[in-house]
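Since every read-out is calculated from the coordinates, none of them should be taken as a lab result. Because the structure is predicted, anything quoted here is derived from the model rather than measured. Neighbour counts are summed over all protein chains in view; Cβ atoms, including those assigned to glycine, are modelled from backbone coordinates with ideal geometry.
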Amino acid sequence: MATTVSVTRRLRDDNALAVLHHVWDLPATADGPEPGVTGTDLIAATGLSRATVHDVCDELITRGWLRELPDERATGTYTKGRPARRYGFEARAGVVVGVDAGEHRIAVRVADLRGRALADTALQVAHDPTRTPVADRFEAVAATVGRALADAGDPRVLSVAVGVPAPVDPSGRTGSAGNPYWAFVDADLAAGLTARHGWPVLTDNDANLAALAEGWRGSGRGVRDHVTLLAGERLGAGVVVDGRLLRGAHGGVGEMRFLHLVDGVGSADGLGKVLRDLVARAGGTGAAEDVVAAAAAGEELAGSVLEAAAERLARVVATVASLVDPERVVVAGGVAAAPGLADRVNAALPRFLAPPRPLVLTSTLGRDVVVLGALRRALDEVRAGALALSLR
C-alpha cells in the first residue's frame, strides 16, 4: 500500500511540475500583466487530461504558485459555450536575491520569480583581506542585502545566491583551508545569513555564476559549449560543456593557477591589472578604463597596450580551448567591453591555436554579469524545490 501511495504521489508531483514549469516559462513583459493560459493550452502542452490539469491547477493555486485569472467572458474574447478557466503565474509570491560579493564591490539585486529586477544596491568597500576582520566583510554584505530588500518592500525571500572570488565545491564549501584570501572572501556568508534570517543561502564561484548569466541572458545563449572568462583584476573561468556547468571534485574547474606556466602569460592577472602594468612599463600612468578610452580615441600608446593585452588574452583562450573545446569564449567583467578587444583576440588566436577555434565575444552584461548569474542560480534552486514550498 505504501508503495502504491508513493508512486501516486510521485506521479501527481510530476504532473504538477509539468504544469507549473509551463506556466512559469511563458514569455512575460518586463512590467506588464502575467500572461494567461487556459486548461486547453495546458492539455496541449503537457498531454495531461482535462480533469488532471484542472485538479493540478487548483492544487497549485492553494499552494500559492498560480492564481485564477478572469475568464474569457471577462476579457472579451468569449464567443460561445462555457468560458475557459485561465491561470497565471504568481511571479510576486516571493523573491530571489543575487549577490556579487567581490573583494572591492558588493552588488545585490532582488528579483521576482521571473528574474525581473525589483531593486538594485551596490557598495564600494576598501577592505584589505590581510587586515580587515572577516566580520566586517560579513556585515557589509548583510547590510547591502538588507538595503536591497528594503527597497523592494521587504518581500518573502525564497532563495539567496552569493558569488565569491574563490572555488566552491559541490557541497557549497569554499576551499578556504590554508588560503587566507579565500577564507576572507567567503566570510561564512551562507551559514551566517541563514542563521540570522532563516533564508536558504548558497555560495558559488563568481566565474561559474558569470557563465550561468551568459548562458541565460548573454553571449552564451543557444550554445551548449562555452567558457566565460571573468577578466577583471584576476582571471577565472566558468566552463559549460554539453549544457552543464563543470565544477570538479573540489570546485576547482576554471581556476587559472596554472597560467604562470604559459609562455607570454605568466600569471592569472586579469585585464585591469595587465593594462595598468603595460602602461607603467611604457612610462605612462592611468587606470585601465583610461587606457581603453584613449585607445578608442586613437591614442597610439594606448592602442599598442591594448594590442599586447589582447595577444596575452589570446594565449589564455588558446590554452583553455585546447582543454575543453568550447564553441564560444565570452570575456566578461571589468574592462572586457573595450572597443575592438574581441576582434583583436580573434585575430591573434590563429597564432596559438589550430582549427577548430572558438569565437571570442565580449560580454554585453557589463558589471551585472555575476549578480545576474547569482539570480539564475537562486531561481534554479527555487524551481528544483518548488513543490516543497507553500507560498500562502
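Quick notes on this one:
- Close amide H partners of residue 360, meaning residues 5 or more places away or on another chain with modelled amide H under 5 Å apart, are 329.
- For residue 118, residues with placed amide H under 5 Å, excluding near neighbours: 110, 111, 112
- Net charge in the neighbourhood of residue 223 (other residues with Cβ under 14 Å of its Cβ; Lys, Arg +1, Asp, Glu -1) is 0.
- Counting only DSSP beta bridges whose two residues both lie in the stretch 221-364, roughly 55 percent are antiparallel.
- Percentage relative contact order, the chain, counting C-alpha pairs under 8 Å, at least six apart: 15 percent
- Remark: the Cα gyration tensor places the stretch 169-226 in the oblate category, a/c being 1.5 or greater and a/b not exceeding b/c.
- Applying both filters, DSSP loop and at most 16 other Cβ atoms within 10 Å, to the trypsin sites (Lys or Arg not before Pro) of the stretch 213-264 gives 221, 224.
- Note on residue 347 and residue 263: the model spin-label points, each 7 Å out from Cα along the C-beta direction, lie 2.3 nm apart.
- Alpha carbon centroid spacing (whole Å) that separates the stretch 1-72 from the stretch 126-165: 35 Å
- Most mobile of 226, 197, 22 in a GNM of the chain (Cα contacts under 10 Å): 197
- Taking 7 Å steps out from each Cα toward its Cβ at residue 280 and residue 242 produces label points 4.5 nm apart.
- Here the simple spin-label model places points 7 Å from the Cα toward Cβ, and for residue 71 and residue 299 these points are separated by 6.9 nm.
- Of all complete DSSP H helices in the chain, those with a Cα span along the helix axis of 27 Å or greater and a mean Kyte-Doolittle hydropathy of 1.0 or more are 300-324.
- Gyration tensor verdict on the chain (Cα atoms; rounded if a/c is under 1.5, prolate if a/b is larger than b/c, oblate otherwise): prolate
- Ranked list, fewest to most other Cβ atoms within 10 Å of each Cβ, for 242, 204, 380, 269: 242, 380, 269, 204
- Mean sequence separation of contacting Cα pairs (under 8 Å, at least six apart), scaled by the length of the stretch 280-392, corresponds to a relative contact order of 25 percent.
- The ranking of 363, 267 from fewest to most other beta carbons within 10 Å of each one's beta carbon is 267, 363.
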